[in-house]
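Read-outs throughout are calculated quantities, based only on the coordinates presented, and are distinct from any laboratory measurement. These numbers come from a predicted model, not from an experiment. Virtual Cβ from ideal backbone geometry, glycine too; neighbours counted across all protein chains shown.
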Amino acid sequence: MMILMTSNFKILHKAPIVSLNGQPVLLFNQQHVSLLDALEQKRVKLFSECRNGYCGACKTKINSGSVNYHTQPLIELEADECLPCCCTPSSDLDLNLSISGVELAPQRTTISSTPSQPHVTTSSPSQVEPNSPS
Ligand code: FES
């Protein structure tokens, strides 16, 4: 998790970005009880049963990033696996999950017009180049 210091020494924690195979889908915040809870709110298809780290049904591959467990898992996990039902992201996190059916942020619509022809451009935030002028 990235920590930002302000001039009057308040410590601000950047909300971790959770992505699915490189596609950002959510900002994890204090309202999410677990990573599974946050993913379900975005309609990510992820199987679960016990929701407490006992069964392993929600085991998910991590492409990059890290998690903290609020309940210690009772099953063995590889270094690149997590149990979303009992963890929260401790950094930006990219999971090996399908984005199919996921609710993404609304697309931005830009309307620019020239004297002869109006032009409408639609893009999602992930399609914007980081250094491109807006
Ligand atoms: S649902 Fe059982 S370990 Fe996550």
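Summary table
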{"quantity": "One residue from Glu40, Glu49 being assigned to a helix (DSSP H, G or I) and of a type in the set (D, E, K, R)", "calculated": "Glu40"}
{"quantity": "Of all residues making up segment 57-99, the number that are within 11 Å of the ligand (Cβ to nearest atom), closer than 18 Å to Gly22 by Cα and polar (S, T, N, Q)", "calculated": "1"}
{"quantity": "In segment 14-39, residue nearest to Ile99 (Cα to Cα) [restricted to those that are buried (at least 16 other Cβ atoms within 10 Å of the Cβ) and within 16 Å of the ligand (Cβ to nearest atom)]", "calculated": "Leu39"}
{"quantity": "Hits in segment 83-104 (condition: outside any helix (DSSP H, G or I) and either hydroxyl-bearing (Ser, Thr, Tyr) or touching a helix residue (DSSP H, G or I) at 6+ places or on another chain (Cβ under 7 Å) (or both))", "calculated": "Cys87, Thr88, Pro89, Ser90, Ser91, Ser98, Ser100"}
{"quantity": "Members of segment 40-53 found to be over 18 Å from Thr88 (Cβ atoms) and within 16 Å of the ligand (Cβ to nearest atom), listed by number", "calculated": "Lys45, Phe47, Glu49"}
{"quantity": "Candidates Asn63, Asn96 - the one that is in contact (Cβ under 8 Å) with a residue 60 or more places away in the chain and surrounded by fewer than 16 Cβ atoms within 10 Å (Cβ to Cβ)", "calculated": "Asn96"}
